[in-house]
Amino acid sequence: GENVGLHLPTLSVQEGDNSIINCAYSNSASDYFIWYKQESGKGPQFIIDIRSNMDKRQGQRVTVLLNKTVKHLSLQIAATQPGDSAVYFCAEGGGATNKLIFGTGTLLAVQP
Amino acid sequence: EPEVTQTPSHQVTQMGQEVILRCVPISNHLYFYWYRQILGQKVEFLVSFYNNEISEKSEIFDDQFSVERPDGSNFTLKIRSTKLEDSAMYFCASSRAGFSGNYGYTFGSGTRLTVV
């Protein structure tokens, strides 16, 4: 069945360190992947996306890596800041549907 | 930057009552969605809407739920007879297009529904 999951429910890092958040997906028909940041009481906020014809995409301080062979997605945040503290969700979509399937979320806690 | 607007931000209702959650999608978007998030859990898809009809719905979206686009700007989710387990954050989202293009999938800030 469809399953998007995260390996680490909580990640604690020191301010200034790099963070890596991982996600596994199982729907091989998915061809679009998004990372969202969710702060308390707010809706998912788009961070970065990647299509299945790419294996890496960079944004400002963030990089998404896609490994289709093992169905793995990761989000790298460079020089993590206290404002990065939030829950991060991966989501997959594509194929014959417009819906997004979300993973269970990773809480990133940045220690000053 | 364009936003998806949801009202109210918090709704408390008694079990068995009907509630209507309201959303104003981004104006040039064509696809509309409702998702929900039970406290501490992941975001779950409920329904997608395109060209004035439901294009897809999940198992959660049973006969108690309905959606409507009553005019050119609003998109509503109605729960006919609320149950305790309907308590959750409900997120509206909209996108310009399907996954064939750059579609700017954007979420609103949500409505927290509490059923008592």
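The values are calculated or read from the model by the stated rules, or taken from the named source; none is laboratory data. Predicted model, so just to flag it, every value in this text is computed and none were measured. Here the Cβ is made from the backbone with ideal geometry for all residues, glycine too, and neighbour counts use every protein chain on show. The protein model used for the area step is the full one, side chains on, heavy atoms only, and it has no ligands, DNA or RNA in it. Shrake-Rupley method; radii C 1.70, N 1.55, O 1.52, S 1.80 Å.
Neighbouring Cβ atoms from other chains, within 10 Å of the Cβ of residues in A:100-106, number 5 on average.
For A:K56, the aspartates and glutamates whose Cα falls under 17 Å of its own Cα, not counting residues fewer than eight places away in the same chain, are A:D31, A:E92.
With R₀ set to 35 Å, the beta-carbon distance separating B:R80 from A:A24 gives a calculated FRET efficiency near 0.40. Beta bridges from DSSP with both residues in the protein assembly as shown: antiparallel share about 90 percent, rounded to the nearest 5.
Based on the mean of other Cβ atoms within 10 Å per residue, sort peptides B:67-74, A:91-98 so the most packed one is first.
So the peptides B:67-74, A:91-98, ranked by packing, come out A:91-98, B:67-74.
Inter-chain Cβ neighbour count for A:39-46, averaged per residue, equals 6 (cutoff 10 Å, partner chain atoms only). The DSSP beta bridges internal to chain A are antiparallel in roughly 90% of cases.
Computed over chain B, the quotient of the alpha carbon radius of gyration and 2.2 N^0.38 Å is 1.01. The share of accessible area on region A:4-111 that comes from carbon and sulfur is 48 percent, using a 1.4 angstrom probe. The modelled label-to-label distance for the pair B:E1/B:V116, using points 7 Å beyond Cα in the direction of Cβ, is 3.6 nm.
Over chain A, give the accessible area per residue in Å² for a 1.4 Å probe, as an integer.
I get 47 Å² per residue for chain A.
For a paramagnetic label modelled on B:D63 (point 7 Å from Cα along Cα→Cβ), amide N atoms under 18 Å away belong, within region B:77-97, to B:78-83. One quarter of the convex hull surface built on the alpha carbon atoms of chain A amounts to 6.7 nm², the projected area averaged over directions.
With the convex hull of its Cα atoms as the shape, the protein assembly as shown has an orientation-averaged projected area of 12.5 nm². Once the Cβ-Cβ distance of B:E18 and A:F46 is raised to the sixth power relative to R0 = 35 Å, the FRET efficiency obtained is 0.60. Note on A:57-70: average number of Cβ atoms from other chains within 10 Å of each residue's Cβ is 0.
Interface B/A, total buried accessible area with a 1.4 Å probe, nearest 100 Å²?
1600 Å²
Peptides B:26-37, B:47-58, A:39-50 ranked from most to least packed, by the mean per-residue count of other Cβ atoms within 10 Å: B:26-37, A:39-50, B:47-58.
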